[in-house]
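The values are calculated or read from the model by the stated rules, or taken from the named source; none is laboratory data. From a predicted model like this one, the values you see are computed outputs, not experimental measurements. For neighbour counting, all protein chains shown are included, and Cβ atoms are generated from backbone atoms with ideal geometry for every residue, glycine included. Quick note on the areas: whole protein, heavy atoms, side chains included, nothing else; ligands and nucleic acids left out. Shrake-Rupley method; radii C 1.70, N 1.55, O 1.52, S 1.80 Å.
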Amino acid sequence: QVHLVESGGRLVQAGGSLRLSCVVSTHTNSRYSTAWFRQAPGKERNFVASISWIGGTTRYADFVKGRFTISFDNDLNTVYLQMNSLEPEDTAVYYCAAARALTLFRTDDANFWGQGTQVTVSS
């Protein structure tokens, strides 16, 4: 019911910024919350940020508060993750996800996943 396509990942130096985009395509009029997760090689997939599709309520992992901002453009059906002050520890594949819920922050609760986009932060 939902197709998610991420873009924007690339190589950046520590302290730099990136904006990731996730185009959300739905086949019905159902409402979904969306979120960003990330996964480094050999590690589990971790929650980064989420936004409710109804009302725009946001939630962030502690390690990105003050640096990352999640937002959405309803006209473009696109969820963004603005990442500032990037650190080497932020290096990972970033995935967008969607769920039929008011909010999404657990990987097991995600119903749909994008293919991911690689973010590499060099030191």
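Determine how many Å³ per residue the convex hull of the Cα atoms of the chain encloses. Walk me through the numbers before you get to the answer.
Working: hull volume 11.4 nm³, N = 123.
Convex hull volume per residue, Cα atoms: 93 Å³.
Subtract the Cα-Cα distance of N84 and T26 from 0.36 nm times their separation in residues, and report this length gain in nm to one decimal. The partial results should precede the final answer.
Details: separation 58, 0.36 × 58 = 20.88 nm, distance 2.96 nm.
Working it through step by step, the gained length comes to 17.9 nm.
On alpha carbon coordinates alone, what is the Rg over Rh value for the stretch 62-123, Rh being the Kirkwood radius?
That ratio equals 0.97.
Over the Cα atoms, compute the radius of gyration (one decimal) and Dmax (the largest Cα-Cα distance, rounded to a whole number) for the stretch 1-71, in Å.
Over the stretch 1-71's Cα set, Rg and Dmax evaluate to 13.6, 41 Å.
How large is the accessible surface per residue of the chain, computed with a 1.4 Å probe and reported in Å² as a whole number? Intermediate values should be presented prior to the final figure.
Values: 6620 Å² over 123 residues.
Result: 54 Å² per residue.
To the nearest 20 debye, what is the magnitude of the charge dipole of the chain about its Cα centre, counting +1 on the Cβ of each Lys and Arg and -1 on the Cβ of each Asp and Glu?
Details: 11 positive and 10 negative charges, 18 e Å.
Computed charge dipole of the chain: roughly 80 debye.
What is the percent carbon and sulfur in the accessible area of the chain, measuring with a 1.4 Å probe over the protein chains and ignoring ligands?
For the chain, the apolar C and S fraction of the accessible surface comes to 45 percent.
In terms of modelled amide H atoms, which long-range or inter-chain residues lie less than 5 Å from the amide H of T91?
So T91 has HN proximity to V121.
Taking amide H positions as placed 1.01 Å from N in the peptide plane, with prolines and chain starts having none, which residues 5 or more places from F68, or on another chain, fall under 5 Å of its amide H?
Placed amide hydrogens put N84 under 5 Å from F68.
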